Amino acid sequence: MPPELITSAQNPKVKRLLALQKDSSLRRESGLFVVEGRRELEHCMAAGFEPDTVFVCPDLYGPGDTVPRNFAPLIPPTSLRSWALPVHAATGGHGSGAQVSGSQKSYRVIEVSREVYDKVAYRGGTEGVIAEMKARERRLDDLDLPGNPLIMVLEAVEKPGNLGAVLRSADAAGADAVIICDPLTDLYNPNLIRASIGAVFTVPVAVCSSAEAIDWLKSRGIRILTAQLQDSSLYYDCDMRSGTALVMGTESTGLTQQWREAADAHIRIPMLGALDSLNVSVSAAILLFEAVRQRQ
């Protein structure tokens, strides 16, 4: 049977989707988060995350579209109304809709009108697909590190856009992991996912306390290099070729004392102007690519 078609922004499913985008407590309680866009959703599924409900706008995602790698199991590369994958009526959960199953676990697909899609999508009429995905914990013990790993550690970064930009730089630099300590924003904030352009799924990420991260790094012999202005050396004078964790704090207050005391070395980026700090995502990129330069 064809999928359910929603044409009203007052539909309960649409209201829930909007609420998930805005409310971190609802994301935690429901175990769901929202991913918008084909590229981001492709990366999300490639990382093993499972869809719960997929909203598709037929006016924007049609049978003539090219289906990206790893995206084909999600939306059949044919007309949305002539399903290429087995479907049956959905039961329970969010109610009616087409339910797709096969190599993936089952999930619902719901069509929405152009007006509804423009209401729920940040990027408006450019993508055609937005999904509620099943969240999962991302823990230190889940990280599988190579020898001499390069790790970015962020303490209490508040702005999701900054965190997303750091993840994007970590992906570009081939970092082995990003550890987020004592976060002030949740990992599935839509602005974080959007700013990272999906790097939150391509880079191994763990969330923990600073104390847990310090113990974990030291138990593995990974050098801790803290970015700070006080009592520090220029970053390019510090050896980053062995296992290294680059640790950064907030722009306003910097790192807490426990990280400064745990560090094997303190490093700084030279500031030649009137200001004394860079945006945390810019600083992270500078340090990451210095490590890349040394290792090559």
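The values are calculated or read from the model by the stated rules, or taken from the named source; none is laboratory data. Quick caveat, the model's predicted, so the values are computed rather than measured. Cβ atoms come from the backbone with ideal geometry, glycine included; neighbour counts cover every protein chain shown.
Values computed for the structure shown
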{"item": "Selection count, region 9-24, where residues are more than 17 Å from the chain's Cα centre (by Cα) and part of a helix (DSSP H, G or I)", "result": "8"}
{"item": "Some residue of region 76-99 being among the polar types (S, T, N, Q), modelled with pLDDT of 50 or more and within 21 Å of the chain's Cα centre (by Cα)", "result": "no"}
{"item": "Unmet requirement for Val292, which otherwise passes all of (1) β-branched (Val, Ile, Thr); (2) buried (at least 21 other Cβ atoms within 10 Å of the Cβ); (3) modelled with pLDDT of 95 or more", "result": "(2)"}
{"item": "Residue match in region 161-175 (condition: part of a loop (DSSP other than H, G, I, E, B), at pLDDT below 95 and over 23 Å from Ala265 (Cα atoms))", "result": "no"}
{"item": "Whichever residue in region 260-278 is surrounded by fewer than 14 Cβ atoms within 10 Å (Cβ to Cβ), at pLDDT below 95 and not small (Gly, Ala, Ser) and, among such residues, is nearest to Asp176 (Cα to Cα)", "result": "Pro270"}
{"item": "Number of the condition not met by Ala227 [criteria: (1) touching a Phe, Trp or Tyr at 6+ places or on another chain (Cβ under 8 Å); (2) free of Cβ contacts under 8 Å to residues at least 60 places away in the same chain]", "result": "(2)"}
{"item": "Residue within region 223-230 that is out of contact with any His (no Cβ under 8 Å at 6 or more places or on another chain), surrounded by fewer than 17 Cβ atoms within 10 Å (Cβ to Cβ), more than 24 Å from Asn148 (Cβ to Cβ) and in the same structural domain as Pro146 (by TED's automatic domain parsing) present", "result": "yes"}
{"item": "Selection count where residues are in contact (Cβ under 8 Å) with a residue 40 or more places away in the chain, surrounded by fewer than 22 Cβ atoms within 10 Å (Cβ to Cβ) and either over 30 Å from Leu275 (Cα atoms) or not hydrophobic (A, V, I, L, M, F, W, C) (or both), scope region 189-204", "result": "4"}
{"item": "Number of positions in region 218-233 that are assigned to a strand (DSSP E or B) and within 26 Å of the chain's Cα centre (by Cα)", "result": "5"}
{"item": "Among residues of region 1-47, those that are at pLDDT 95 or above, hydrophobic (A, V, I, L, M, F, W, C) and more than 15 Å from Ile197 (Cα to Cα), counted", "result": "8"}
{"item": "Within region 234-259, considering residues that are at pLDDT below 95 and in a loop (DSSP other than H, G, I, E, B), the one farthest from Gly221 (Cα to Cα)", "result": "Ser252"}
{"item": "Residue match in region 199-214 (condition: outside any strand (DSSP E or B), touching a Ser or Thr at 6+ places or on another chain (Cβ under 7 Å) and of a type outside the set (Phe, Trp, Tyr))", "result": "yes"}
